[in-house]
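Input: a single structure, listed below in structure tokens.
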Amino acid sequence: MSTPPRSGTAGRTIPFRATLGRSVRLFSAFRKEQTDPDLFYGTLARDTVAQLRSYTPLDGAVVVDIGGGPGYFTDALNAAGARCVCVDADAGELRLRGGEAPGTAVLGSALDMPVRTGSVDVCLSSNVLEHVPEPERMADEMVRVTRPGGLVYLSYTLWLCPWGGHETSPWHYLGGHYAARRFTRKNGRRPKNDFGCTMFALSASRMLAWSRDRDDVDVLDVLPRYLPGWMKPVVRVPGLREVVTWNLLLVLRKH
């Protein structure tokens, strides 16, 4: 089922090219995540909006950004003509930019969203799923709040990729708890992404199985979000995809 047209450019999608140059720009920005978060998250948000517009029009669309924190994605979506609401469980995250929450923000859990069933055109989540203890439940909630014909854009970092342990990488390959303890000894504090508390080991195969088991969505795309388009076939190779894909993107259309 396609998204019903709205006014203006609402009925038009815009092609998106996942080139090698684009991947280089993203990973260059990624290196500055800690020192210049505005650069990294602003770059990623604009890239995400451009990618999202290749699947669905955004002009006038009602979008919910799950775990959007300080609102980088919300700002980029609103700039593209959407009406975006940011939902986050951490009030501190919502206030990371300038001490105030994004313009339209709701405090709530991704596992039990304070959003009506079938009320949004697009439900988006970027790099949140690996931070919840019940990823299938969060994904179920994303589908629930999306209207029939609407889009679910769900991406997350794979545990076995080089950045799977986030700031504790690459020591997560020796175990998540070990990596967290090592980080604590070295820095005198627990990592923000603390294995077993605020970060969990999540595979590609687990969420691919979840998507196959649902009968209320069509899988429009499965791809390595940050990588060039010609690397898309890697997601079909068990084992290899867990390491190479880095960040898995599922794009779903609700029946």
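Each reported figure results from applying straightforward, stated rules to the coordinates on display, with no laboratory input. Since this is a predicted model, take the numbers as computed values, not measurements. Positions of Cβ are generated from backbone atoms using ideal geometry, with glycine treated the same way; all protein chains shown enter the neighbour counts.
Couple of notes before you dig in:
- Total charge dipole magnitude, the chain, about the Cα centre, Cβ charges on Lys, Arg, Asp, Glu only, Debye to nearest 20: 660
- Solvent-free Debye scattering, log10 I(q)/I(0), computed from the Cα coordinates of the range 108-179 at q = 0.15, 0.16 Å⁻¹: -0.57, -0.62
- Residue ranges 122-131, 146-155 sort as 122-131, 146-155 when ordered by packing (mean number of other C-beta atoms within 10 Å per residue, highest first).
- Helix 20-30 and the long axis of the chain differ in direction by around 60°, with both axes built from C-alpha atoms.
- Stokes-Einstein D (µm²/s) once Rh is taken as the Kirkwood radius of the range 193-244 over alpha-carbon pairs, at 37 °C in 0.692 mPa s: 257
- For the peptides 65-72, 195-202, residues were scored by their other Cβ atoms within 10 Å and the scores averaged per peptide; the highest-first order is 65-72, 195-202.
- Calculated from backbone phi, Karplus (6.51, -1.76, 1.60) coupling profile of the range 222-236 in Hz, x at Gly/Pro: 9, 7, x, 4, 8, 8, x, x, 6, 9, 4, x, 4, 5, 8
- In degrees, nearest ten, helix 135-145 long axis to first principal axis of the chain (Cα): 20
- Geometric extent, Cα atoms of the range 136-255 - Rg, Dmax (angstrom): 16.0, 50
- Note that the chain carries a Kirkwood radius of 18.6 Å, evaluated over its alpha carbons pair by pair.
- Dipole of the range 206-255, positive direction: furthest Cα of Asn247, Val217, Met207, with charges on the beta-carbon: Asn247
- Two-decimal Rg to Rh for the range 45-155 - Kirkwood Rh, Cα set: 0.93
- Contact order relative to length of the chain, as percent, for alpha carbon pairs under 8 angstrom and 6 or more apart: 17
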